[in-house]
Amino acid sequence: MTKPKSSIYSKAYHCPDGRDIHYAAARLRRDPNSPTSILDVDDDPDNASSKIIGACWIFFYPMGSNRRILDAVISRYAPQFECDKDVLFLCVNRPGKGGTSSSSGVAAKQHEKTAPDERQHIWTTCDDIVTILDHYGIRKASLLYMCAGSTFAYSFANLHPDYTTGYIIGIASWILRSDPSSSIICNNTENGDSQCDIKTPQMHSLTHRMAMHGFFGPKCMVSSLAGGIVGSMSVIFSSVPPAWVGKGFKKELSDDERLMFDELYPDGVGFVEMMKWMHDDGCDDEISVFVNGYDNTCSICNDANRGNKKEGDAKDVAVCLSTQQDLGLIYKNTVPAQRQVLLWHGESDKMIAMQGAGYLASMLPNATLTRVSRGTHQGTMFFFPDDAMEALNRISRDVSV
């Protein structure tokens, strides 16, 4: 298969403690006389990235994906990019994904050393993002997420409010359920209400509800099995005829979305090439360029990293199966008020029902929910609403790093 032309640059940062953080970067620059330029953030002879970058977005990818999905976002957004300053997009691979070191055994620092693995996974992700922002001298970033990236985005807003602009854009949000019976200590708010006593509507698909309530076994076992499957997607895409893959994906789309898909991928081959390339991150011949002088000639594709990759997928699954109380992320009480939270959700989303998106919007101050007509879960992410791109332009023009 032919590798798709990429709109992103693969980077890595070697930490003093020995951990590696792999991430994708793309710097957009508008030229009135030509298409938008997509530049390497490190192609700056004066090494003054923070002086030429006018705005920065952190992209939090869905479960099962990795930094390479930023390529699809940039490819869709670049033709509509309208900003008179450079805008940087960063997408950091979470621990155990695409070469990024595992969160296992990471010193908890300011966090609880006895916290569950899921919390440590989230905390390490957020700390890794701060490391990359510090490397580029970026003080403020806006947050963009899809699906399960929501938990990491809201956790980042909670853990590192000083690094955020107060703008969050969410597409097809995965929403954690609330379980007031969870065995954690709950504080009371000023009006006496328990932080845990917040009910969620029935919003998840039947399969997800069964997994959450243990019908398929303990969370650790389900997460490990699901993580193994996700980590093997590259092999699956290579083994199945492209037409079958495209047909299977289109089953999840609405009629309008299928028409758009067929225009882009009439034979399904291009779609399979893109998906295989995306899931090969960390196990193909592409090398991440280390930005801080570390040996950038070494491949990250080795047996240890392959196992590491499945560990990262398993922890992502465990995060999704957790409750707000498990993760200490009670939307209403722990997410700081933002300047704007802009949510887009498909009316035909079968993974997270529309009432779930309404619930999330009601929990977050200054949140606006836009219903995507006939939008499905996969389709709303895949085709990225036009008005969401308009919001990216508006916010990028209004903020600074």
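Results, tabulated for the structure shown:
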| read-out | value |
| --- | --- |
| Members of Lys276/Lys310; Lys140/Lys332; Lys85/Lys140 lying beyond 21 Å, as alpha-carbon distances in this model show | Lys140/Lys332 |
| Estimated inter-spin distance, Asp285 and Lys251, nm [label 7 Å along Cα→Cβ] | 3.5 |
| Shape of the chain, Cα gyration tensor, a/c cut at 1.5 | rounded |
| Simple spin-label estimate for Ser362 and Glu82 in nanometres, 7 Å along Cα-Cβ | 3.6 |
| Solvent-accessible area per residue for the chain (1.4 angstrom probe, square angstrom) | 43 |
| Asp386 versus Arg258: modelled label distance in nm, points set 7 Å from Cα along the beta carbon direction | 2.3 |
| Extension gain, Leu206 back to Ser232 (0.36 nm per residue minus Cα-Cα distance, nm) | 6.9 nm |
| For the chain, calculated [θ]222 nm from helices alone, where every DSSP H run of n ≥ 4 adds -39500 (n - 2.57) | -11500 deg cm²/dmol |
| J(HN,Hα) series, the stretch 379-389, from Karplus relation 6.51 cos²θ - 1.76 cosθ + 1.60, nearest Hz, glycine and proline x | x, 5, 6, 5, 9, 6, x, 4, 6, 5, 5 |
| Net dipole in debye of the chain [+1 Lys, Arg Cβ; -1 Asp, Glu Cβ; about Cα centre; nearest 20] | 620 |
| Centroid-to-centroid separation of the stretch 336-401 and the stretch 58-91 [C-alpha atoms, Å] | 16 |
| Sites excluded, trypsin sites (Lys or Arg not before Pro) in DSSP loops with at most 15 other C-beta within 10 Å, longest stretch of the chain | 252-338 |
| The chain, relative contact order in percent, only Cα pairs under 8 angstrom and at least six apart counted | 23 |
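The values are calculated or read from the model by the stated rules, or taken from the named source; none is laboratory data. For clarity, every value in this text was computed on a predicted model and none was experimentally measured. Note that each Cβ is placed from the backbone with ideal geometry, even for glycine, and that neighbours are counted across all protein chains shown. Side chains included, ligands, DNA and RNA excluded: accessible areas come from the protein's heavy atoms. Shrake-Rupley method; radii C 1.70, N 1.55, O 1.52, S 1.80 Å.
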